[in-house]
Structure formats: C-alpha cells, structure tokens
Amino acid sequence: ELKVEQNPLFLSMQEGKNYTIYCNYSTTSDRLYWYRQDPGKSLESLFVLLSNGAVKQEGRLMASLDTKARLSTLHITAAVHDLSATYFCAVGRNDYKLSFGAGTTVTVRA
Amino acid sequence: ETGVTQTPRHLVMGMTNKKSLKCEQHLGHNAMYWYKQSAKKPLELMFVYNFKEQTENNSVPSRFSPECPNSSHLFLHLHTLQPEDSALYLCASSPGQGAGELFFGEGSRLTVL
C-alpha cells in the first residue's frame, strides 16, 4: 500500500518569510500532485510532477520531486496572506489510484 | 456551467433516511471518482467509474451505493447511514482512468444525525 506523509500538518507562517512543506511516500511512483484547498472549497490543482528532478514554479510556490528519495517539497517564498489554505500532496502509480497526504494547514500572519 | 458541479452542497439526514448526492462534470472526461474527506484524515478513495463502468470499490459499506448513468454524471445513493459517515464527499473527474490529473468538485458536506 502506498503511504504518503506530509509534514508539518500545521504551519503558521509570518508574512515575508520562506517555508517548506515536505511530502514523503513509501513506494515507487510515477506521478505526484500538489493541491490547494480553501475552507469550504474544492481542491485546486497546483502542480503535477512526473519525473525525477522535476521543478515547477508558479508565483511564490515552487514544487520539486526527488524520486530516489521519494520526496517532494513545496517551497513558499515570501509568504503572503493569500497563501493561507490547506495543501495536499497526492502520489499515484500507473494504476491511477492516488494516495493523499493528510494535508498541511497553512496560516499566514502579519 | 464549467468544471465539476456537486449538489447539494450541504445535506443533513437522519440514520433512516435515503438521500442522494449528485455530481456532473462538463469537462468531457471519461473517468469519475467519489472521495470521502473526514476531519484530520487523508482523502479516501471510495469508487471509480471509467466509461460508466465501475472499476474500483475501495471496500465501501453497502449503505453507499454509486450510480453512473453516463460519463458526465455520477450519483452516490445514501441509505441507513451512521453518524461516523458525516464528512465532505468530493467528486472528481479525469480524462481517463490513470490518465491526467483529477479535477474536483466543491464537495457535499454530509451530516448524519
């Protein structure tokens, strides 16, 4: 069974500072997703990472994948209030079943 | 409408009631999914349909009964639920089973009294 661990589960960020969310998974995977969920809202796809060393950036968010270490990171640069949300990583294999992490709830304070 | 639409957004039901959740996708996708999101737990895959055929039942109790009449619509029929079934039920779709990322609806918040 593919297990996905995210940490931290809760992250209180100060505006303007940098932070990292980690996503570890237990077995070989061929795809990794990062999603964002605002309270009462749907999950919004942020990044899809498909190969070792893949790096994608959008605004203040940057995601990377190390398949050898079975680790993905979501780096937040100069946090702003708009980034407050819950972030999920999800890992899948060619059989399509995505296994989700428990989510990291991010709160950005002034 | 665009994307994945779920109705109702909120549902309160007693343990003896029968109700249904509806999901509709306007993305031309062929695979549809039901996920359960409980507080402080990872999303749990419940059912998968690919081209209207059920391809996955993740050991879900029979009080949850899915229906997929076509590739655009997915239902979850609910009967004699338990309070622990209270959760956010998310529908998702993808171009095909195992192909492409999932697009999620906003979910149906279910409370079982």
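The numbers here are math on the coordinates, done by the rules we state, and not lab data. All values reported here derive from a predicted model rather than from experimental measurement. Because the Cβ atoms are built from the backbone with ideal geometry, glycine has one as well, and the counts that use them run over all protein chains shown.
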Exceeding 20 Å between C-alpha atoms, which entries from my cross-link table qualify? They are B:K19/B:K40; A:K56/A:K97; A:K3/B:K40.
B:K19/B:K40; A:K56/A:K97
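Averaged across orientations, what area in nm² does the convex hull of the alpha carbons in chain A project?
Reported value for the Cα convex hull: 6.4 nm².
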Please report, in debye to the nearest 20, how large the charge dipole of chain A is about its Cα centre when each Lys and Arg carries +1 at its beta carbon and each Asp and Glu carries -1 there.
120 debye
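Using only alpha carbon pairs under 8 Å that are at least six residues apart, calculate the relative contact order of chain A and give it in whole percent.
That works out to 37 percent.
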For A:K68, counting only aspartates and glutamates whose alpha-carbon sits under 13 Å away and dropping same-chain residues fewer than eight positions off, the answer is A:D30
With labels modelled as points extended 7 Å from the Cα through the Cβ direction, what inter-label distance (nm, one decimal) is found for A:K68 paired with A:H81?
4.4 nm
Output the relative contact order of segment A:8-69, whole-number percent, from Cα pairs under 8 angstrom with separation of 6+ residues.
22 percent
Mind jotting down the three principal axis lengths of the protein assembly as shown based on Cα atoms? Whole angstrom, largest first.
50, 37, 35
Distance (nanometres) between label positions extended 7 Å along Cα→Cβ at A:S12 and A:D30
4.4 nm
